[in-house]
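First up is the structure itself, then whatever we jot down about it.
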Amino acid sequence: MILFLPTFAEPQHFSFFEKLLFTGLVLASAYGFWRRFGLVLKKILKSKKDPSFHLFPIGKRVWDFVWEVLCQAKVIRERPLPGLAHAFVFWAFCAFALVTLNHCAVVFGIGFLSPAGTIGRLYYYFAAVFALFCAVGIAGLFVRRFLVRPKWLGARLSWESGFIALLIFVLMATYLASFFIADADPSARTLWWIHTLALLTFLPIIPYTKHLHLILSPATVFLSRGSFAQIPPLSGDEDFGLVAGTDLTRLVSLQAYSCVECGRCTEHCPAANTGKLLNPKEIILGVRAYLNDLGPSSDQPLLGKYNQQEAVFQCTTCGACEFQCPVGIEHVPILVGLRRGAVNTGAWEDQYGSKLFLALERGSNALGISPAERDKFIQKQQLPIFDGTQEYCLWLGCMGGYDPKGREIVAAFARVMNYLGTSYGVLRKEKCTGDPVRRLGNDLVFQQLAEANLEALAQNKVKKIVSICPHCVRTIQEDWKEYGTPPEIEHHSEFLARFADKLPRSTTTATNPESFVSGHDFSHAASAPNSPGALAPEVRSSPVPAPAASHPVPEKIVFHDPCYLGRYRNVYDQPREVASLAGELVEAPRHRERSFCCGAGGGLSFLGEETGERVSHVRAAELVATGATTVGTACPFCNSMFRDAFDAKGEGAPQLLDIAQLAARGLPPGEAS
Amino acid sequence: MKIIVAIKQVPERDAQVRIDAAGKWIDESNLQYALNESDAYALEEALQLKEKSAAAGGEVVVVSVGPERVGQTIREALAKGADRAIHIVCDDLGLRDALGVARLLAAAVKPENPDLILTGLQSEDLGLGQTGVIVAELLGLPHATLILNVEKTETGLKVKRELEEGWFQTIELPTPAVLTIQSGGNKLRYATLMGIKRAKMKEVRQLTAASLGVDAPPVVVLEHVALPQKQKSTQILPGTAKEAAAALVEKLKFEVRVL
């Protein structure tokens, strides 16, 4: 049947002059390409080797390559329409590899894919389908860039992108048009030459523009650091993080040159969306500009002209940028690397940052409170001390041990564990895991904290840890690995979800049962997260009357995914399962992988007032708009940020409860030990 | 300007202090140590003075008395920016009185011929507040205490002293001099990884009481140390309500002094 369909026309003979011209053009085009690409490659290869890089295990790399590059899954999933349009272009390029090779070969009479043969004919039709989709796709992308103009693409119109789109369109159009003429027709030759010229013009443009991602990003995706937001260890006595060009590693340089400037990172960045200086795309382009101007052997500082210190310290390390990036750029290690460079050399001067560092140099917790306060809390709450016989070590963390709201969460979680008959104990002494200093780039204090904690856990023979704080969980499990082998650890959402079927569902009330059960009324605690009193323990022991019997009200709960539980740990369903014990779940517009940060991460909850809008207020407004009567959290930092945001809102703010508190709601009264 | 900073290593503020078996000193096992707070401010003041007159050059030398573990605190001081250190190794610091320690410090500092000697106002463990002053006396130098701020002048120094109830006193004195520094006058800097790595290459000279030729028995002998007793006492005031109330007011006024 295919014989009735038109045949692809290609010129049969080429004159000596044509052969000469073609050869000359190919050489010129290849030279134009290599002139720039060779330079880029040299800059990447001349960068420092990544000290901790291992190609193995290779399985995950292959999978990422197949899924993200070949299937274009990330490109499509996060922006379906333009993603699909891009995928059509990409798949057409793949399909065209053979066609293009043959296109060039026919000049010298060594064509291998005859449009008249059965296989050739089939393949040409196959490619034609892709060409059709590609033409539609590239036209769509053109319309998007030049007419729709989403702000993430930047204020400047990229004319070279328009030109590239035109070239791709011409390539596809000439290919498709060739089906409608005969081989002998002179216009076949014309079409062939237009196709050739478009192709040879396209090639040298690639390395000069963001279209370099065509060549680099498959490698970038394949050569990732191996896990999400992974902070590489420093190597040797002269490595303080990303200080100058000599500190840029091959992966950083490769990633900087891979950026396709799509702006997805910026679109999802909590800092960029609340009027701050930080724009993750510009950070990557700043590194690229540095490499272009100065190269990887320069000892000029990375921060200053090309990237700004202020911007770098506005990152909450929520990882939305890295998660979204379709070309495999790992923003978090780069941003943290720049911070390390500034902090490890003492270049960063910030009164709140210094205060945090000094508190952790000398003391045990990030809040700068006396550990005696933690002891008092443990006594008052009658938390058992870990003695090696219990199954779990309940890690309190700074928030669980010192913050009034964090303590409520611990109290609720302890109640549930008591109910379930789980044996657990808390350490007599605990130091901060080092999460905020790790993310702010203070490797000295981080190392001290990690080593002291690892030693204490080993001395106490701790095998399993459970914690209410995703930041503690992440830091203990991943970041401490640099200094030893941490015990197994899980987040309380994972623990609770495992026992969800053993926990009673609650007939919901609008009152907070915790204040009754724990015997403390924390509701008057100071609440501005950055005020000195905010995190001070304010335990009132005045007896609180039992809540009046209230009618069950339909409870709508919106769960906020903490960055360090979701994107960092891939835990999305467990906290929802737990929260649903207490009511009906609704979702915020941005949830699960696309959850919007509360603003606390990356040590930022300890720094001064934000510029622009507060991240926490933006997210809180989004949660309130769902109409939920309760906001469920699974991180004491998120909780603290929203507590402040809701206080600012005043009347009508929803109730704010951790999933542990939601799980404890249904327990019979008096279950506390 | 060559500045000597005398620093002391003290138990960490959060440490749970226990008394040793003999009751003569604290049990030092399992104890975490840190730099005495006002000494940290003395070091900060010295570093800032050096940085302000960077063109003129200068040197900050830390000196400390104590056992091997003091080396850790000395390294931290070097990491924050001190140029070199003198460690007077001595295992019986608990038995030495302020005069004894000051004699060791004075003997070690004297050959250095410094322009300025700074130290913290007092230590967080014994809190005698005398060592700096005695060093000045032993070296025959002028001194000033409770200093919040030091300024270099043409002829010497202008310093700000903290008095009671929010009053300050500004005085001038010639150099060389000894100043004891009050906490809170400056913002402390944080230790950096680069500082710690660089500190490894800095000189720490170890001396002993014997090598300094200082060996005199203490003038003040520590009898025993004890933890403060927690006391709770209840007193019933007898009499009629009126008499009891009058007695209560009396006690609140003159015994508890809250009225």
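Tally up the residues in region B:57-103 that are small (Gly, Ala, Ser) and under 13 Å from B:LEU35 (Cβ atoms), please.
Looking only at region B:57-103, we keep the residues that are small (Gly, Ala, Ser), and these are B:57-58, B:64, B:66, B:71, B:77, B:79, B:81-82, B:85, B:94, B:98, B:100, B:102.
Then drop every residue that is not under 13 Å from B:LEU35 (Cβ atoms), which leaves B:64, B:66, B:71, B:77, B:79, B:82, B:85.
Residues that pass the stated criteria total 7.
Please count how many residues of region B:163-199 are more than 14 Å from chain A (Cβ to nearest Cβ), among the aliphatic types (A, V, I, L, M) and assigned to a loop (DSSP other than H, G, I, E, B). Walk me through how you get there before you give the answer.
Residues of region B:163-199 that are more than 14 Å from chain A (Cβ to nearest Cβ), as a first pass: B:163-182, B:185.
Add one more test, that the residue is among the aliphatic types (A, V, I, L, M), and what stays is B:163, B:171, B:173, B:177-179, B:181.
Narrowing the set further to residues that are assigned to a loop (DSSP other than H, G, I, E, B) leaves B:163.
The total comes to 1.
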Within region A:630-647, is there a residue that is out of contact with any Phe, Trp or Tyr (no Cβ under 7 Å at 6 or more places or on another chain), aromatic (Phe, Trp, Tyr), surrounded by 24 or more Cβ atoms within 10 Å (Cβ to Cβ) and on the phi < 0 side of the Ramachandran plot? yes
Every residue in region A:307-352 that is small (Gly, Ala, Ser) and either open to solvent by 10 Å² or more (accessible area, probe 1.4 Å) or assigned to a helix (DSSP H, G or I) (or both), please. A:ALA311, A:ALA320, A:GLY328, A:GLY337, A:GLY341, A:ALA342, A:GLY346, A:ALA347
Being over 19 Å from A:PHE88 (Cα atoms), open to solvent by 70 Å² or more (accessible area, probe 1.4 Å) and of a type outside the set (A, V, I, L, M) is the filter here, so list the residues in region A:142-161 that pass it. A:ARG149, A:LYS151, A:ARG156, A:TRP159
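Take the residues in region A:431-451 that are part of a loop (DSSP other than H, G, I, E, B) and open to solvent by less than 20 Å² (accessible area, probe 1.4 Å); name whichever of them is farthest from the other protein chains (Cβ to nearest Cβ). Steps first, answer last, please.
Pass one, region A:431-451, residues part of a loop (DSSP other than H, G, I, E, B): A:431-434, A:441-442.
Within this subset, residues satisfying the condition of being open to solvent by less than 20 Å² (accessible area, probe 1.4 Å) are A:432-434, A:441-442.
Details: A:CYS432: 12, A:THR433: 17, A:GLY434: 13, A:GLY441: 9, A:ASN442: 7 Å.
Among them, the one singled out is A:THR433.
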Hey, A:GLY226 more than 14 Å from chain B (Cβ to nearest Cβ) and in contact with a strand residue (DSSP E or B) (Cβ under 6 Å, 6 or more places away or on another chain) or not: no
Go through region A:384-396 residue by residue and tally those that are touching a Lys or Arg at 6+ places or on another chain (Cβ under 9 Å) and open to solvent by less than 20 Å² (accessible area, probe 1.4 Å). 4
Tell me yes or no: at least one residue of region A:237-254 is farther than 28 Å from A:LEU444 by Cα and not hydroxyl-bearing (Ser, Thr, Tyr). yes
Please specify each residue of region B:202-237 satisfying the condition of being open to solvent by 100 Å² or more (accessible area, probe 1.4 Å) and of a type in the set (S, T, N, Q). B:GLN206, B:GLN229, B:GLN231, B:SER233, B:THR234, B:GLN235
Pairs returned, first residue in region B:48-77 that is more than 18 Å from B:GLY94 (Cβ to Cβ), second residue that is of a type in the set (Asp, Glu) and open to solvent by 40 Å² or more (accessible area, probe 1.4 Å), beta-carbon separation under 6 angstrom, 6 or more apart or interchain, are B:GLU59/B:ASP83; B:VAL60/B:ASP83
Condition test on B:LEU128, is it among the hydrophobic types (A, V, I, L, M, F, W, C), without any contact (Cβ under 8 Å) to a residue 40 or more places away in the chain and farther than 18 Å from B:LEU207 by Cα? yes
Failed item, numbered, when B:SER53 is tested on (1) in contact with a strand residue (DSSP E or B) (Cβ under 7 Å, 6 or more places away or on another chain); (2) among the polar types (S, T, N, Q); (3) under 30 Å from A:ALA372 (Cβ atoms): (3)
For residues that are closer than 30 Å to A:GLY441 by Cα and in contact with a strand residue (DSSP E or B) (Cβ under 8 Å, 6 or more places away or on another chain), scanning just region A:362-397, find the one that is modelled with the lowest pLDDT. A:ARG362
Testing A:PHE202 on (1) in a loop (DSSP other than H, G, I, E, B); (2) over 30 Å from A:GLU593 (Cα atoms); (3) open to solvent by less than 40 Å² (accessible area, probe 1.4 Å), one condition comes back false. Which one is that? (1)
Across (1) at the interface with chain B (Cβ under 10 Å from one of its Cβ atoms); (2) within 28 Å of the chain's Cα centre (by Cα); (3) buried (at least 18 other Cβ atoms within 10 Å of the Cβ); (4) among the hydrophobic types (A, V, I, L, M, F, W, C), A:MET399 clears everything bar (1)
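So if I check each of A:ALA182, A:ALA219, which one is surrounded by fewer than 20 Cβ atoms within 10 Å (Cβ to Cβ) and either within 20 Å of A:THR7 (Cβ to Cβ) or within 14 Å of another protein chain (Cβ to nearest Cβ) (or both)?
One residue alone meets the criteria, A:ALA182.
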Would you call A:ALA342 touching a strand residue (DSSP E or B) at 6+ places or on another chain (Cβ under 7 Å), touching a residue at least 60 places away in the same chain (Cβ under 8 Å) and more than 7 Å from chain B (Cβ to nearest Cβ)? yes
Of the residues A:PHE17, A:PHE37, A:PHE53, only one is assigned to a helix (DSSP H, G or I), aromatic (Phe, Trp, Tyr) and open to solvent by less than 70 Å² (accessible area, probe 1.4 Å); which? A:PHE37
Failed condition for A:GLY304, given (1) touching a residue at least 12 places away in the same chain (Cβ under 8 Å); (2) open to solvent by 20 Å² or more (accessible area, probe 1.4 Å): (1)
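Would you say B:ALA191 is of a type in the set (A, V, I, L, M, F, W, C) and within 25 Å of B:LYS80 (Cβ to Cβ)?
For B:ALA191, the condition - of a type in the set (A, V, I, L, M, F, W, C) and within 25 Å of B:LYS80 (Cβ to Cβ) - is met.
Go through the residues of region A:368-383 one by one and say whether even a single one is over 30 Å from A:SER423 (Cβ atoms) and crowded, with 19+ Cβ neighbours inside 10 Å.
Yes, some residue in region A:368-383 is over 30 Å from A:SER423 (Cβ atoms) and crowded, with 19+ Cβ neighbours inside 10 Å.
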Check region A:120-141 and report whether any residue there is buried (at least 17 other Cβ atoms within 10 Å of the Cβ) and either among the basic types (Lys, Arg) or at positive phi (or both). yes
Enumeration of residues in region A:452-468 that are open to solvent by 10 Å² or more (accessible area, probe 1.4 Å) and more than 13 Å from chain B (Cβ to nearest Cβ): A:LEU454, A:ALA458, A:ASN460, A:LYS461, A:VAL462, A:LYS463, A:LYS464
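If a residue counts only when it is at pLDDT below 95, touching a Leu at 6+ places or on another chain (Cβ under 9 Å) and of a type in the set (A, V, I, L, M, F, W, C), which helices (runs of 4 or more DSSP H) contained entirely in region B:64-143 have at least 1 such residues? Spell out the reasoning first.
Values: elements: B:70-80, B:98-109, B:131-139.
Helices (runs of 4 or more DSSP H) meeting the threshold: B:70-80, B:98-109.
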The number of residues in region A:353-383 that are among the aromatic types (Phe, Trp, Tyr) and within 11 Å of chain B (Cβ to nearest Cβ) is 1
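The values are calculated or read from the model by the stated rules, or taken from the named source; none is laboratory data. Everything quoted here is computed from the prediction, not taken from an experiment. A quick note on method: Cβ atoms are made from the backbone with ideal geometry, for glycine too, and the neighbour counts reach across all protein chains shown. We work out accessible area using only protein heavy atoms, side chains counted, and drop any ligands, DNA or RNA first. Shrake-Rupley method; radii C 1.70, N 1.55, O 1.52, S 1.80 Å.
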